[in-house]
Amino acid sequence: MADSSHTTTAHRLIASVWGEDAPAVLVADRRGTCLWRVDTRHGPYALKITVPCTDPQGHVDSERLALVEAELLLGLEADHVLTGLYEAHGTLPEGVGSWLALKWVGGDDADAAFAKLRHSPDAALAASYAAAMCRAVADLHAGGWRHGDLQDAHFILDGSRAHLLDFAMAHAPRRTPGTGPVVYRGAYDWFMSPELAHDRLTTTPADDLMLTCASEVWSLCAVIFACWTGTYPISSKTTTQTTPELRKELSLGQVKPWQDVRPWPYASFEEIITSGLQHDPGHRPTARDLQRAFEELA
């Protein structure tokens, strides 16, 4: 997506938003979205540009996602749930698309942080990372919000803190099916709860799905599982394409045995993750329960 025209658009936006010709580096280009790191005189920022996506696995409204995320971030700020991330947003001056400017969040994404521990075991640090991730989600849930797209790349670990990014699929407190800014279909398949995977199999692409906190707890533990082991908790498929066969496998919720995937033995850590991967949503702990359990280990 980031051809010369999009690069030119990015630099024009940078000059308009920050009032300077700041250097920018493209750090992500996927399914209709480009993310740039912009190093201004006042510090680093992120510029996200979204345009129509031709990838069948992409979002049907990809050109609107920056606008959608901006409005959700403003809602999070108004509810005092998440502050200090949003900077500005708008539509592209040329062509169809939208943009969003954000504060740059420094640190390692969760997968990169845990990858170091697979080869250099540190039980306390692993528990501290997991606790921070659970705290970030628990704080969202306490404000009535759900993130909607939990995955390893959306957690940035910085010391003892975890920052959540990418709120385009977020669910506001009063959101019910059919009232959201975009149709919600469960986001990233490999971290989708069994009940959401089942709902995707049994509904049409136009049907907006409900995301519960219990469902998001499953996704949270699936992300921690994947970060620690380097493999997804359920499917071993290598395809990036969504298929009904994959969703059926996910809907069954049969988690891989720990002895087959663990980088090193850590039974108490595994037990906490497993508690959030229960097939029955009613048997899962809350994100706050998970946070406290991991904090006791750390």
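For the range 184-191, state whether one or more residues are within 28 Å of residue 288 (Cα to Cα) and among the charged types (D, E, K, R).
Within the range 184-191 (the criterion being within 28 Å of residue 288 (Cα to Cα) and among the charged types (D, E, K, R)), the answer is yes, since at least one residue qualifies.
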Could you grab the pairs with beta carbons closer than 7 Å, sequence gap of 6+ or different chains, first residue in the range 134-146 and closer than 17 Å to residue 294 by Cβ, second one open to solvent by 10 Å² or more (accessible area, probe 1.4 Å) and in a helix (DSSP H, G or I)?
-> 134/291; 135/291; 138/288; 138/291; 141/213
Every residue from the range 118-135 that is modelled with pLDDT of 95 or more, open to solvent by 10 Å² or more (accessible area, probe 1.4 Å) and in a helix (DSSP H, G or I) | 123, 124, 125, 128, 129, 135
Quick one: what pairs do we get from the range 28-39, first residue without any contact (Cβ under 8 Å) to a residue 12 or more places away in the chain and within 21 Å of residue 107 (Cβ to Cβ), second open to solvent by less than 70 Å² (accessible area, probe 1.4 Å) and assigned to a strand (DSSP E or B), C-beta under 6 Å, 6+ apart or different chains?
-> 28/35
Return the residue satisfying two criteria in turn: it lies in the range 199-254 and is surrounded by 13 or more Cβ atoms within 10 Å (Cβ to Cβ) and among the acidic types (Asp, Glu), and of such residues it is nearest to residue 275 (Cα to Cα).
-> 216
Kindly indicate the residue of the range 278-298 that is part of a helix (DSSP H, G or I) and either open to solvent by less than 30 Å² (accessible area, probe 1.4 Å) or among the hydrophobic types (A, V, I, L, M, F, W, C) (or both) and also farthest from residue 129 (Cα to Cα) among those meeting that condition.
-> 287
In the range 75-106, how many residues are surrounded by 14 or more Cβ atoms within 10 Å (Cβ to Cβ), in contact with a Ser or Thr (Cβ under 8 Å, 6 or more places away or on another chain) and among the acidic types (Asp, Glu)?
-> 1
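The values are calculated or read from the model by the stated rules, or taken from the named source; none is laboratory data. Being a predicted model, the structure only gives us computed values, none of them experimental. Neighbour counts are summed over all protein chains in view; Cβ atoms, including those assigned to glycine, are modelled from backbone coordinates with ideal geometry. To get the accessible areas, we keep the full protein, side chains included, count just its heavy atoms, and leave off ligands, DNA and RNA. Shrake-Rupley method; radii C 1.70, N 1.55, O 1.52, S 1.80 Å.
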